1. In terms of modelled amide H atoms, which long-range or inter-chain residues lie less than 5 Å from the amide H of residue 47?
2. Could you order the peptides 214-223, 283-292 from most to least packed, using the average number of other C-beta atoms within 10 Å per residue?
3. Post the alpha-carbon centroid distance, segment 254-312 to segment 165-218, in whole angstrom.
4. Where the accessible area of the chain is counted over protein heavy atoms with a 1.4 Å probe, how much of it, in %, is carbon and sulfur?
5. Before anything else, pin down the relative contact order of the chain: Cα pairs under 8 Å, at least 6 apart, normalised by residue count, whole percent.
6. Using only the Cα atoms of segment 284-339, what are the Rg and Dmax in Å?
7. Which percent, to the nearest 5, of DSSP beta bridges fully inside the chain are antiparallel?
8. Using only helices, what value at 222 nm comes out for the chain when you add -39,500 (n - 2.57) per DSSP H run of length 4 or more and divide by the total residues, to the nearest 500 deg cm²/dmol?
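The values are calculated or read from the model by the stated rules, or taken from the named source; none is laboratory data. The model shown is predicted, which means the values in this text are computed figures rather than measured ones. Every residue, glycine as well, gets a Cβ built from its backbone with ideal geometry; the counts of neighbours run over all protein chains shown. Ligands, DNA and RNA are excluded from the accessible area calculation, which covers all protein heavy atoms including side chains. Shrake-Rupley method; radii C 1.70, N 1.55, O 1.52, S 1.80 Å.
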Amino acid sequence: MSYKKFIPCIYLYKGNAVKGFRDSTIIDTNPAALARFYGDNNADELIVYDMSDSDAEHEEALDMIKAICNEAEIPVTGAGNVKRMEDIKKLLYAGCKKAALNYSRQDNVDITEEVSLKFGRDKIVACVTEADTITDNEALLEAYVSELILVREKEIKDVLAVSRFPVIVSIPEVSLDKLLELLEKDNICGISGHAINENARELLAIKALCQSNGIAVSTFDAAVRWDEFKLNSDGHVPVIVQDYKTDEVLMMAYMNEEAYRMTLKTGRMTYYSRSRQELWIKGETSGHYQYVKSLTADCDMDTILARVSQIGAACHTGSHSCFFHEIIGREYEEANPLRVFEQVFDVIKDRKEHPKEGSYTNYLFEKGLDKILKKLGEEATEIVIAAKNPNANEVKYEISDFLYHMMVLMAEKNITWEEITTELAQR
């Protein structure tokens with residue numbers, strides 16, 4: 001099903017979010033936090049316009065765009081300062097789901113086919129300012145571009161008259177009646193610009209208004225009705241809450257029907273407090289909200305597993321998880337690959353911060369980057385040699401040695417496993 005999208009945008013200039021293309025008034029000095037705010041308030045996507053003046057500023061902007069992509073938790077389209085295919089690659093590698101070509105520049109038009117074939121049509125959008133641009137490049141757009149972003153409001157009527165493509169229209173301000181009128185147009189797939197930025201806190205209510213007018217928008221539509229659950233003796237359903245990134249179990253609470261409906265409506269975990277006998281929005285007083293990623297019922301339909309994006313600590317004690325009182329335990333070898341990497345990496349980082357006499361890891365840190373790189377190169381060569389031998393165990397041993405030295409390099413350069421896995425997930 002096709003949904004109409006609400007897409008705030010960040011105009012990025014010298015590390016700050018500013019008001020617009022022609023207004024450099026700073027509205028937020030932390031664009032990554034602003035991106036998180038938009039995502040937390042039910043925005044569907046985000047557009048980031050890089051307004052850098054120089055190559056050096058552009059490189060700094062790419063670092064900020066990467067931070068924005070890590071924080072937003074909604075798809076990000078990167079736009080601005082694209083001059084060659086390499087710039088599209090940098091935006092996508094920074095974490096953007098899509099990259100925009102500025103069709104006011106002929107050099108951007110010229111690389112459309114090349115970047116679309118290289119990265120995929122679904123990752124390429126085109127920013128246009130007038131209807132003639134669409135008619136002049138219709139065949140190219142249809143073959144190699146997934147959607148258009150119209151950045152000039154006064155061209156909406158003319159663009160809609162000539163465009164068969166999905167169009168995101170950027171508007172400075174709009175009444176609710178005009179908003180509904182625009183979204184009823186078949187080829188308008190989303191609204192962006194200052195009008196959405198200024199009303200980000202009201203997106204939930206605006207989406208509800210759209211639904212009541214028969215306009216399809218992205219909301220939490222539950223596949224399970226409340227009356228399908230098997231309730232406990234108090235009329236509640238227990239909820240196990242899990243961090244969607246790490247799979248760590250965070251807490252356990254209860255829902256009644258009203259809490260269930262409120263969670264689906266807002267996207268924020270809402271429970272029923274049995275002690276206070278009232279609804280409880282997690283984070284309402286602490287700011288440690290839990291944003292829903294998924295809700296899953298168990299086989300007996302009497303328990304819910306909630307995978308969430310946790311802000312701050314889940315536990316009232318300040319602990320990230322409520323589960324920290326060990327009752328019994330036997331020693332065991334961790335089998336989760338990422339946790340093994342994290343545990344080894346934690347030891348390496350501890351050696352860097354608290355040197356231990358006779359430690360090989362400390363020896364590498366003391367000798368410095370060149371020594372670490374030399375060992376990394378030697379271990380890479382050992383993998384190649386081992387791979388030529390019939391015994392696969394030798395490859396396993398050499399890869400383990402390589403990964404250890406790679407983690408030493410990561411610690412030296414202050415790179416985390418989360419950054420690596422995020423980068424891999426975006427490829």
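1. Here the answer is 9, 10, 77, since their amide H atoms fall under 5 Å of that of residue 47.
2. Values: 214-223: 12.6, 283-292: 16.1.
In descending order of packing, they fall as 283-292, 214-223.
3. Segment 254-312 and segment 165-218 have Cα centres spaced 28 Å from each other.
4. Details: 11470 of 23220 Å².
Carbon-and-sulfur percentage of accessible area, whole number: 49.
5. Details: 699 pairs, mean separation 41.5, N = 427.
Reported as a whole number, the value is 10 percent.
6. Using the Cα atoms of segment 284-339, the pair Rg, Dmax is 15.0, 39 Å.
7. Numbers: 24 of 58 bridges.
About 40 percent, rounded to the nearest 5.
8. Value at 222 nm, helices only: -12500 deg cm²/dmol.
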